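So the structure is just underneath, and the comments pick up after that.
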């Protein structure tokens, strides 16, 4: 049975491990297992950063993905201008690019716990005064493309009305597997 201290240490370690790859090196630091034996702490390298969907996949130049993945969410000054250039490169306004930049950077999922959790949804904290976060059912690709290319945030030079073909959708309206009714909620991965 875990006590509060062990549970907290386990939660911190899981957070550190998320998005990291193992290395055979150690830091020289040690932690202790429940019996008190010292365990060397492995060195981890962040290999992927996916805070807000579509930021790196769509708006960051492919040649910069590795540096983006290793420095975000803290290197906003380097990458926010690339997102703005992507948006304005399609003839969309600088105002829209600035709005999207202020919402997407720093590239983190925001949760405003003072709001009603029923208003949860990707970017709802910024665009609708909602709780934020991300529901499993959020179609973040369609929402992201709609925010960039449609009339949702700026009617000028829009490529498509909200949620219509061809540019503002990935044409995937539902999951190919149903969510599970209990944790971990996601269906088993395809092999």
Just order 124-134, 140-150 by mean Cβ neighbour count inside 10 Å, highest at the front, would you? 140-150, 124-134
Using the beta-carbon distance between residue 190 and residue 138 and R0 = 22 Å, what value does 1/(1 + (r/R0)^6) give for FRET efficiency, to the nearest 0.05? 0.60
Please give the length that would be gained between residue 111 and residue 94 if that part of the chain were fully extended, namely 0.36 nm times their separation in residues minus their C-alpha to C-alpha distance (nm, one decimal). 3.4 nm
Taking R0 as 45 Å and r as the Cβ-Cβ distance between residue 77 and residue 37, the FRET efficiency 1/(1 + (r/R0)^6), rounded to the nearest 0.05, comes to 0.50
Given a Förster distance of 41 Å, the FRET efficiency implied by the Cβ-Cβ spacing of residue 65 and residue 119, rounded to the nearest 0.05, works out to 0.80
Averaging over all projection directions, find the projected area of the Cα convex hull of region 70-110 and quote it in nm² with one decimal place. 2.9
Once fully extended, how much extra length lies between residue 50 and residue 160, figured as 0.36 nm per residue of separation less the alpha-carbon to alpha-carbon distance? 37.0 nm
Translational diffusion of region 44-191, µm² s⁻¹ [Kirkwood Rh, Cα pairs; Stokes-Einstein; 4 °C; 1.567 mPa s]: 78
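Every read-out reported here was derived from the displayed coordinates using simple, explicitly stated rules and does not represent laboratory data. Bear in mind that the values here come from a model prediction, so they are computed numbers and not experimental data. All Cβ positions, even for glycine, are placed from backbone atoms using ideal geometry, and neighbour counts span all protein chains on display.
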